[in-house]
Amino acid sequence: MLKKGSIRIFTFLGIPVRIHWSFGLLLVWIWYIGQRTGMEWPAMGVLALLVFSLFICVILHEFGHAIMARRYGVITRDIILSPIGGMARLNRIPEKPSQELAVALAGPMVNVVIATILGLVGWFFLPDKLTVIGDTEISIYWIGNFLPLLFWMNIMLVFFNLIPAFPMDGGRVLRAGLAMRFGRLKATKWAAYIGKLIAVLFVALAIYWGHFFLGLIGVFVFIMGEQEYRAVKTDMLLQHIKLSDVIRTDYQVLPPNMRLVDAMAVIRHSLAVNIPIGDNAVELVGYINARDLISQLKSGDDAANSEVLGIIKTFPGEFMEHTSIDAIMPIFQKNRNACVLVRDIWGNIKGIIDSDQIDHALYWHNHLK
Ligand code: ZN
């Protein structure tokens, strides 16, 4: 959802840091606040510097998660920054509770370290130590408050992130703690309950105080709690369904030298999006996708007479029939139109799987339980 509309600003330790377009709104907000309160340009510069520094702290927080995850062999796809915070998108969550706990705590720990350094510098070198001078409207524009404000913001980041509700780090800490005793699914269910309870509390307080932003966070937290539980439930399900339960075997194999028009005639009468290609049913060389076929047919005058060989795709993976579905999910997350080949232990082809089979299997499992 977030990756669309974000651009890469730099890559550090092999992890791309991306910034979401809505970040521009933040700059507009700074400019608006500056205009409304009649701020001078230098004052607005201080505010911009403060926001910039805060986001550096957020990026470092996310790198805390990413570096700890790397220790357990989990790859971070990217780090995305939006005005409401950062998010390190891990390829997977480490399933060992102790590892998830370490990854979740690594982020806030970074802010503890930053706050400690800022705190020591402020305590020993600033005349008013860590006190923020002036009322809130003015204090954020004064350079003398820069260090104390950044110190308190890091402290706030630690406490905010440790609220025990998804998607905050505290939610993961709570789940990991519960999972050590009750298993991952139950732990997630309870952590999601507690998270949703906190979300309701947020919304109630938001109404009571007339605080719009807090209400928004509450709604967001509520939705995320439910999503997290569903994702884990699906994960568990995927581990229990075997490839042999979902394979498609009722396909027709087309020869590589078949003309596209003839292939089209076959595909039109089949419900499948992928058709295997091979000289016989015993060994397949790849598959063609209905969408590729259509766009190829539209591409030129003589396209209809060209061979399917031109649009053939090799199977992105071959798997044993007793493998569980979760092993092939990354392939479909990368490409929904992919097609996977399934063999038995003797190497004979048992069938193929495309995303429709998986959707179908999940639908029935979700509705029969
Ligand atoms: Zn975090």
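Read-outs throughout are calculated quantities, based only on the coordinates presented, and are distinct from any laboratory measurement. No experiment lies behind these values; they were computed from the predicted model shown. Using ideal geometry, Cβ is built from the backbone for each residue, glycine included, and neighbour counts are taken over all protein chains shown.
Rg and Dmax, both from the Cα atoms of the range 222-346 and both in Å, are 17.4, 56. How long are the three semi-axes of the equivalent ellipsoid of the range 156-264, in whole Å, if each is the root of 5 times an eigenvalue of the C-alpha gyration tensor, listed from largest down? Semi-axis lengths for the range 156-264 are 45, 20, 11 Å. Between residue 318 and residue 21, how high is the FRET efficiency from 1/(1 + (r/R0)^6) when r is the Cβ-Cβ distance and R₀ = 35 Å? Nearest 0.05. Given R0 = 35 Å and the Cβ-Cβ separation, E is 0.30. Packing, as the average of other Cβ atoms within 10 Å across residues, places the peptides 43-49, 270-276, 337-343 in the order 337-343, 270-276, 43-49, highest first.
Selection among 280, 346, 327 by position relative to the dipole of the range 270-369 gives 327 as farthest towards the positive end (Cβ unit charges, Cα centre).
Ranked by the mean number of other Cβ atoms within 10 Å per residue, highest first, peptides 35-42, 163-170, 15-22 order as 163-170, 15-22, 35-42. On a 0 to 90° scale, report how tilted helix 290-299 is relative to the longest principal axis of the chain, with both axes built from alpha carbons and the result rounded to the nearest 10. Helix 290-299 and the main axis of the chain meet at about 80 degrees. For the chain, a crude dipole built from +1 on the beta carbon of Lys and Arg and -1 on the beta carbon of Asp and Glu, taken about the Cα centre, is about 740 debye to the nearest 20. Over the chain, dividing the summed -39,500 (n - 2.57) contributions of all DSSP H runs of at least 4 residues by the number of residues returns a 222 nm mean residue ellipticity of -18500 deg cm²/dmol.
Placing unit charges on the Cβ atoms only, positive for Lys and Arg and negative for Asp and Glu, gives the range 197-330 a dipole magnitude near 440 debye about its Cα centre.
Taking each residue as 0.36 nm, the span from residue 227 to residue 240 lengthens on full extension beyond its C-alpha to C-alpha distance by 2.7 nm. Distance between the pseudo-spin-label points of residue 350 and residue 268 (7 Å out from Cα toward the beta carbon): 3.6 nm.
With the contact rule set at Cα under 8 Å and sequence spacing of 6 or more, what percent relative contact order holds for the chain?
10
Rounded if a/c is under 1.5, else prolate if a/b beats b/c, else oblate: with a ≥ b ≥ c from the C-alpha gyration tensor eigenvalues square-rooted, which is the range 280-369? Oblate is the answer for the range 280-369, as a/c is 1.5 or above yet b/c matches or exceeds a/b. With each label modelled as a point 7 angstrom along the Cα→C-beta vector, the residue 41-residue 211 pair spans 3.7 nm. Using a Cα-Cα cut-off of under 19 Å, which aspartates and glutamates could be cross-linked to residue 313, ignoring same-chain neighbours fewer than 8 residues away? Hits, sequence-local ones excluded: 262, 279, 283, 292, 354, 356. Of all DSSP beta bridges confined to the chain, the antiparallel ones make up roughly 80%.
Equivalent ellipsoid semi-axes for the range 29-125, as square roots of 5 times the alpha carbon gyration tensor eigenvalues: give them largest first, rounded to whole Å.
In descending order the semi-axes read 33, 18, 8 Å.
Note on the range 87-211: lysine pairs with Cα distance below 29 Å, sequence gap of 8 or more or different chains, count 4.
In sequence order, the range 57-67 has phi-based couplings of 4, 5, 4, 5, 4, 5, 5, x, 4, 4, 5 Hz under the Karplus curve 6.51 cos²θ - 1.76 cosθ + 1.60, θ = phi - 60°, and Gly or Pro positions carry x. Translational diffusion of the range 226-284, estimated by Stokes-Einstein from the Kirkwood radius over alpha carbon pairs at 25 °C in a medium of 0.890 mPa s, is 171 µm² per second.
Histogrammed with a bin width of 20 Å, the alpha carbon distances of the chain distribute as 22, 44, 26, 8, 0 percent, first bin at zero. The angle separating the long axis of helix 169-182 from the principal Cα axis of greatest extent in the chain is about 60 degrees. Ordering 301, 326, 279 by the number of other Cβ atoms within 10 Å of each residue's own Cβ, fewest first, gives 301, 279, 326.
If you sort the three axes of the alpha carbon gyration tensor as a ≥ b ≥ c, you get a/c of 1.5 or more for the range 158-207 and a/b no higher than b/c, which makes it oblate.
Helix 355-368 axis versus longest C-alpha principal axis of the chain: approximately 70°, rounded to the nearest ten. The order of 220, 10, going from fewest to most other C-beta atoms within 10 Å of their C-beta, is 10, 220.
Please report the antiparallel percentage of the DSSP beta bridges confined to the range 211-369, to the nearest 5. Around 75 percent of the beta bridges assigned by DSSP in the range 211-369 are antiparallel ones. Since only 15, 53, 33 are under comparison, the one whose Cα sits farthest along the positive direction of the charge dipole of the range 1-90, derived from C-beta charges on Lys, Arg, Asp and Glu, is 15. Taking other C-beta atoms within 10 Å as the exposure proxy, 336, 181 rank 181, 336 from fewest upward.
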